[in-house]
Amino acid sequence: MDLPGWQELRNELYPKGLEIVAVALDSNVDAARAVIEANPPNHPSLIDAQHTLGALFGVVNVPSGIWIDEEGMIVRPPEPAFPAPSPLKDAEIPEGLPDQIRDMLTEAKKIRNEPEVYIGALRDWVEHGSESRFALAPGEVIERSRPRPREEGLAAAHFELGEHLHRTGSTELAVKHWRDAHRLQPDNWTYKRQAWSSVDPTQGPSDQYEGDWLSDVRKIGAENYYPPLEM
């Protein structure tokens, strides 16, 4: 099934009352802006350089979707949100790639992707509103939301401090705080990827960090990179 991307989905559902707001969690504002400007969308597209969205809503990986109704109430907390099947799923991995890149693509092909389920539920919510079986009651939203133990609060503080230090040129001190954020909240992939990318755009092994994208994905199993959707 050829599902639409976010732009196409917005064009389809905006007349029925849905607005899509895309938020890039990326401290490299210039790089994120270049991606947006390369294919300018007609829906709001923001850049969250401080990862505030993660701290406020509990986003630990991307893409994640949060449903908010007309009254400003969350009716589904963050969950994996894909508008279309991964282009890697049935693609052949080209020959001649560096081993690290080839192995990353091999693992990425195993990552769970459930766009048919997610987009089907989204369309149902747009059509039926609060009567949709996919719109959760406040108690269900709270039950499904991530708890915020002390360790995660400290991880957010260390990550934000690391971001500030990195922006002001204190790279070594930034690494220390980012490592603390990884230790305190090891399942937060947005923290990990941001730090790894500051050293190596491919998020490969480095002397600064104990983990890297490929090693950490293999450790948990690529099929567990995103949790299954609870519909």
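Readers should treat all values here as calculations from the given coordinates under stated rules, not as data from a laboratory. Only a predicted model underlies this, so the values are computations on that prediction, with no experimental measurement involved. Positions of Cβ are generated from backbone atoms using ideal geometry, with glycine treated the same way; all protein chains shown enter the neighbour counts.
Worth a mention:
- Calculated [θ] (222 nm, deg cm²/dmol) that DSSP helices of n ≥ 4 give over the chain, each run adding -39,500 (n - 2.57): -13500 deg cm²/dmol
- The stretch 150-224, relative contact order in percent, only Cα pairs under 8 angstrom and at least six apart counted: 22 percent
- Those residues of the stretch 201-231 whose amide nitrogen sits under 18 Å from the label point placed on His128, 7 Å along Cα→Cβ: 230-231
- Relative contact order (percent, whole number), the chain, Cα cutoff 8 Å, 6+ residue spacing: 20 percent
- Binning the alpha carbon pair distances of the stretch 1-158 at 10 angstrom intervals from zero yields the distribution 9, 30, 37, 20, 4, 0, expressed in whole percent.
- Proportion of all alpha-carbon pairs of the stretch 150-224 beyond 14 Å (%): 57 percent
- Measuring how big the stretch 105-231 is from its alpha-carbon positions, Rg and Dmax come out at 18.1, 53 Å.
- From least to most packed, judged by other beta carbons within 10 angstrom and beginning with the fewest, Met231, Met104 follow the order Met231, Met104.
- Evaluating 6.51 cos²θ - 1.76 cosθ + 1.60 at θ = phi - 60° for every residue in the stretch 170-176, the Karplus couplings come out as 8, 4, 5, 5, 4, 4, 4 Hz, glycine and proline recorded as x.
- Built amide H within the under 5 Å cut-off of Ile47, gap 5+: Ala24
- A simple rule links phi to the HN-Hα coupling: the Karplus curve 6.51 cos²θ - 1.76 cosθ + 1.60 with θ = phi - 60°, which for the stretch 98-110 gives x, 3, 4, 5, 4, 5, 5, 5, 4, 5, 4, 5, 8 Hz, with x for Gly and Pro.
- Spin-label zone in the stretch 118-161 - amide nitrogen under 13 Å from a point set 7 Å from the Cα of Met231 along the C-beta vector: 118-126, 133-135
- For the chain, the dipole from Cβ point charges (+1 on Lys and Arg, -1 on Asp and Glu) about the Cα centre works out to 420 debye, to the nearest 20.
- Sorted by Cβ neighbour density within 10 Å, fewest at the top, the residues Phe159, Phe57, Phe82: Phe57, Phe82, Phe159
- Amide H partners (placed H, <5 Å) of Gly65, local residues excluded: Glu79, Ala81
- Toward the positive end of the charge dipole of the chain, with +1 on the Cβ of Lys and Arg and -1 on the Cβ of Asp and Glu, the farthest Cα among Val217, Val23, Gly120 is that of Val217.
- Antiparallel bridges, percent of DSSP beta bridges restricted to the chain (to nearest 5): 50 percent
- Near the amide H of Arg112, within less than 5 Å, lie the amide hydrogens of Tyr225, Tyr226, all on another chain or at least 5 residues away, with H placed in the peptide plane.
- Shown in residue order for the stretch 23-36 are the 3J(HN,Hα) couplings computed by the Karplus curve 6.51 cos²θ - 1.76 cosθ + 1.60 at θ = phi - 60°: 10, 8, 8, 7, 6, 8, 4, 4, 5, 5, 5, 4, 5, 5 Hz (x for Gly and Pro).
- Within straight-line reach of Lys89, meaning a Cα separation under 27 Å, sit the following lysines at least 8 residues removed in sequence or on another chain: Lys109, Lys110, Lys192, Lys219.
- In this structure, Lys109 and Glu37 have a Cβ-Cβ separation that, at R0 = 25 Å, corresponds to a calculated FRET efficiency of about 0.30.
- The stretch 47-121-the stretch 186-231 distance, computed between alpha-carbon centres (Å): 13 Å
- Förster radius 30 Å - calculated FRET efficiency between Val29 and Ile68 (Cβ-Cβ, nearest 0.05): 0.75
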